Amino acid sequence: MLANQPVQVQAAPLWLTISALLTEAPATIEDDRALVQAARADLRAFNGLYERHVTRVYRYLLVRVSNVADAEDLTSQTFLVAMENLDKYRGERPFLAWLFGIARHKVADKYRRQKPELMLETAADLADPQDDPDDLVSQKLQIEAVAQKLQTLSPDRAEAISLRLFGGLDIPEIARLMRKQEPAVRMLLHRGLQDLQTRLNPNQEATV
């Protein structure tokens, strides 16, 4: 991935469900270690890491900054920082979790500079390349609708949900990133998802 390469995230007129997002399987640590090792020897191999994780990182950033252009810019910045600091990745946790550490700093920097925008009028519906449209037949959600509702939750609940729902991180990694105990993260997710899904659809129950 080059520094000036635009973010490329597969977009489709596809709705997403909370259950589908929560059951997406991220790449294993072993897969990422192999790609990181290859990228350290030849930066062209970094494209494999970029293609593997860009959708999740972009989804997370989109719901956190609520602006497509900013999300694209921050996604590019996140991967550029990662590419320039591959020697700092120790392989003790998933590469995706390490990426989200960078992405969260980028979001914090943006919020320090300006207030977040609340609208996502131009946001595209995103789908993971491996999603099967035939499996997405239950109560459907658009990313832009979820993102707008997330703005009404407490910051900690919104952050935990963003990392779990759109980033695909597990509870221990979220706890590590947010510097909280796992039970506290579970409570944030439980109450936050209840609140979020009640606002989106009163008939759907939240699960973590």
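The values are calculated or read from the model by the stated rules, or taken from the named source; none is laboratory data. Quantities reported herein were computed from a predicted structural model and do not represent experimental measurements. Note that we place each Cβ from the backbone using ideal geometry, even for glycine, and neighbour counts take in every protein chain shown.
How many residues does segment 69-105 hold that are of a type in the set (K, R), at pLDDT 90 or above and more than 13 Å from the chain's Cα centre (by Cα)?
Narrowing segment 69-105 to residues of a type in the set (K, R): 88, 90, 93, 104.
Pick out the ones that are also at pLDDT 90 or above and you get 88, 104.
Checking which are more than 13 Å from the chain's Cα centre (by Cα) leaves us with 88.
Residues that pass the stated criteria total 1.
Only one of the numbered conditions (1) over 19 Å from L62 (Cβ atoms); (2) in a loop (DSSP other than H, G, I, E, B); (3) at pLDDT 85 or above is violated by L153, and that is (1).
Scanning for something in a loop (DSSP other than H, G, I, E, B) and in contact (Cβ under 8 Å) with a residue 24 or more places away in the chain, does segment 62-70 turn up at least one residue?
Of segment 62-70, the ones in a loop (DSSP other than H, G, I, E, B) are 66-67.
Then keep just the ones that are in contact (Cβ under 8 Å) with a residue 24 or more places away in the chain; that gives 66-67.
Yes: one or more hits.
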